[in-house]
Amino acid sequence: MSGLLIRHQFRAMGCPCSIQLEHPDARLADAAIAAAIGQVERLDRKYSHYRDDSLLADWCASAGSGRVFELDAESAALFDLAALLHAQSGGLFDITAGALTRLWDRPQQTLPEPTEIDAARACIGWQHLSWQRPLLRLALAGLRLDLGGLVKEYAADRAAQACIELGIAAGVVELGGDVRVMGPHLDGSPWRIGIRHPRAAGTLARIDVREGGLATSGDYERALIVDGRRYSHIVDPRSGWPIQSYASVSVRAASCLAAGAAATLAMLLGVQAGTGYLRELGLPHLTVDLDGVVGGEL
Amino acid sequence: MAERSSALLLQLLAATAALVGPAAASAQSDAASGTSVSYRHGDYDEDRLEPAPLDGSDRRYRVRTDQFQLNTELGDSDQLSVGLVHEAMSGSSPWFSFPDADGDALQVMSGATIRDTRHEVSAAWSRDRGDAGSIGASASYSAEDDYHAAALGLDWQRPLSAAIDLGLGASFSHDIIDPTDAAEFDRIDRAIKNTWSAFGSLTFVLDRSSQLQAGMQLTHANGYLSDPYKRYYAGDRILSDARPDQRTQGALLLRWRRAFVEQDGALHLDYRLAGDSWGVRSHTVEASWYQSLPHAFRIVPGLRWYSQGAASFYAPFSAAGTVGTYHSSDYRLAANGSVSASIDVRQRLGAWEWVIGIERLRAHDALGFGGEPDPGRVSYTQIQAGFDYHFE
């Protein structure tokens, strides 16, 4: 018997999101969707750098005060992952660069002043973070954390897991282009996932996914365009300026979190080092450079 | 290079696994069905003959079936199932027809009640090859006092696109017929029948709630295809049943499935058109509704219509005594038709699922075409009950 496809669209974490499930029991599917959205909202409340009532906001507010937080297991694991990515990227992936990302994530289509950039650069640096599991202290006043590049991807995994725990085997969670597939359609066929073209309208590729994560990092998201020049939201913490890298990087991995981390790192490393990193990692990937040249294979 | 690459990936996967677990494994283990056992008891009971037979018992066949099946997984992608069947049959069956004073056929039934048991053992293996589809193989052996059959089957399925699946299969059966009381009733001592079958199907996903399968099956049998227990009345002679030693059958199949979200149910509509080299044509239309209900109940009412035209060499008898090379008065080769209604109820209770079903089939002479109905036509009631148990 073919199952019933239930599709639910919503907005969360500033992005259009969707959940698609296939299950003969519509009530169970509805319950799974509610549980999945619950996970996304929980993580948004906990780690959003847009909200001032998040746990992350509490950490940031304590910067320079000497206050020490004992992190819960989930937050501690996120910090361990962030520390690993910081090391793997030679310091380019930096969750302490919140002041910079906030500066470049601007509603107005103007460049920040050089003095603003310098001020923000003065407030970043992993060395100002004291992280000795499970104890966290933000040593420098003005230090702002940004878990962008991890939280949305992690939320896609947790939302999918919430459905799996309720007995759903077939379904897809998509949070703003980051995808986690729980399992194939009930008839065994894979889900067809479209990857957005970073420049043209429409899709760059459609790939069949039975299971696992697919994440895309692109310079089109929240990009700033000034005098015809595009500035992505991904900022090099060393220079304080948005990176000139790929137009987009998509990676497949067992989880959306692993895929998203790899895509973000490749984006930060730039075309040459990023391609080497993706190749060494050995995960299926698809890249588009600024000239529109497509590389890799998903 | 390789060492470093794996180290990079392993570091990343280890750090993410602390948050999301070994992701692929969790989804796989949930989709996996593990091991299950099932048991079914069936009772198939044919109606008494009406009008009463000219001679012999009016108590027709009754078959009680006990069936066990074990399904288990071998590794990540292989499934194995093993089945055992025990059947106990009793009753009498139509022997031949005899004309009354008006020339209408009267049934003569086999005199003694037949008692026989059948045992079958079967095994099936399948492998899910992910995007490359699936393959499977099966084998079975069935034994009765007077009939032995060994069969082998292969099937193969693969997606042609996200919306179309291709299925192909083939099977072969080698049967040995060893009739009882051969000398006393002028039956053959021993005979062999071989059957080859091939089928192909395309399944189209029409949209997310409906799919259509179109299939074709070709079957060829040769060897002894007559029924050693049936006779044929020709004037003053009672002859053995005599059918061609070759039979080629073709069938076209359409299956449509549609899920209804609001009703939490699904409609299945099937149509089968079949024809063979003996001149038998048939149409089968079947409709069933799968309804999910609270407390993990599922109820499936169904209706089936069947309509058949007679084989070219079928006749209830030859009053004048003239016979051709082939002649048979087997009611199954006559024009006949039936309507059947069924209902299945099942409920899942944790690891257990119980199931009970009943089917009532009634012969309807008006549904047959291309000939007279045979007095041996059968109506029956079938009840089946059992359970499944899923090991965690």
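Couple of notes before you dig in:
- Consider the stretch A:76-102 and keep the residues that are of a type in the set (S, T, N, Q) and open to solvent by 30 Å² or more (accessible area, probe 1.4 Å). The one that is nearest to the other protein chains (Cβ to nearest Cβ) is A:Gln88.
- Here A:Leu92 meets each of (1) within 18 Å of A:Leu269 (Cα to Cα); (2) over 16 Å from the mean Cα position of the chain (by Cα); (3) of a type in the set (A, V, I, L, M) with one exception, condition (2).
- Selection of the stretch B:272-314 for residues being under 24 Å from B:Tyr233 (Cα atoms) and either within 14 Å of another protein chain (Cβ to nearest Cβ) or among the aliphatic types (A, V, I, L, M) (or both) yields B:Val280, B:Ala310, B:Ala311.
- For the stretch A:55-75, a residue qualifies if it is more than 9 Å from chain B (Cβ to nearest Cβ), under 20 Å from A:Glu41 (Cβ atoms) and part of a helix (DSSP H, G or I), and the qualifying residues are A:Leu55, A:Leu56, A:Ala57, A:Asp58, A:Trp59, A:Ser75.
- Of the residues in the stretch B:205-213, none is more than 14 Å from chain A (Cβ to nearest Cβ) and either open to solvent by 50 Å² or more (accessible area, probe 1.4 Å) or more than 30 Å from B:Pro99 (Cα to Cα) (or both).
- Residues of the stretch A:212-236 that are crowded, with 18+ Cβ neighbours inside 10 Å, at pLDDT below 85 and in a strand (DSSP E or B): A:Leu224, A:Tyr231.
- Taking the criterion of being in contact (Cβ under 8 Å) with a residue 40 or more places away in the chain and closer than 20 Å to B:Phe313 by Cβ, the residues of the stretch B:365-380 that qualify are B:Gly368, B:Phe369, B:Gly370, B:Gly371, B:Glu372, B:Asp374, B:Pro375, B:Gly376, B:Arg377.
- Of note, A:Gly240 satisfies the criterion of being buried (at least 20 other Cβ atoms within 10 Å of the Cβ), in a loop (DSSP other than H, G, I, E, B) and of a type outside the set (Ser, Thr, Tyr).
- Residue match in the stretch A:8-25 (condition: open to solvent by 20 Å² or more (accessible area, probe 1.4 Å), within 30 Å of B:Gln347 (Cα to Cα) and among the hydrophobic types (A, V, I, L, M, F, W, C)): no
- Of residues in the stretch B:238-271 being more than 23 Å from the chain's Cα centre (by Cα) and β-branched (Val, Ile, Thr), the one nearest to the other protein chains (Cβ to nearest Cβ): B:Val261
Every residue, every condition in (1) among the acidic types (Asp, Glu); (2) in the same structural domain as A:Asp25 (by TED's automatic domain parsing); (3) touching a Gly at 6+ places or on another chain (Cβ under 8 Å); (4) surrounded by 22 or more Cβ atoms within 10 Å (Cβ to Cβ), yes or no:
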position	(1), (2), (3), (4)
A:Leu129	no, no, no, yes
A:Ala156	no, yes, yes, yes
A:Ala160	no, yes, yes, yes
A:Cys163	no, yes, yes, yes
A:Gly176	no, yes, yes, no
A:Val181	no, yes, yes, yes
A:His197	no, yes, no, no
A:Thr203	no, yes, yes, no
A:Arg210	no, yes, yes, no
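The values are calculated or read from the model by the stated rules, or taken from the named source; none is laboratory data. Computed from a prediction, not measured in an experiment: that's the story for all the values here. Counting neighbours? That spans all protein chains shown, and the Cβs are built from the backbone with ideal geometry, glycine included. All accessible areas refer to the heavy atoms of the entire protein, side chains included, with ligands and DNA or RNA removed. Shrake-Rupley method; radii C 1.70, N 1.55, O 1.52, S 1.80 Å.
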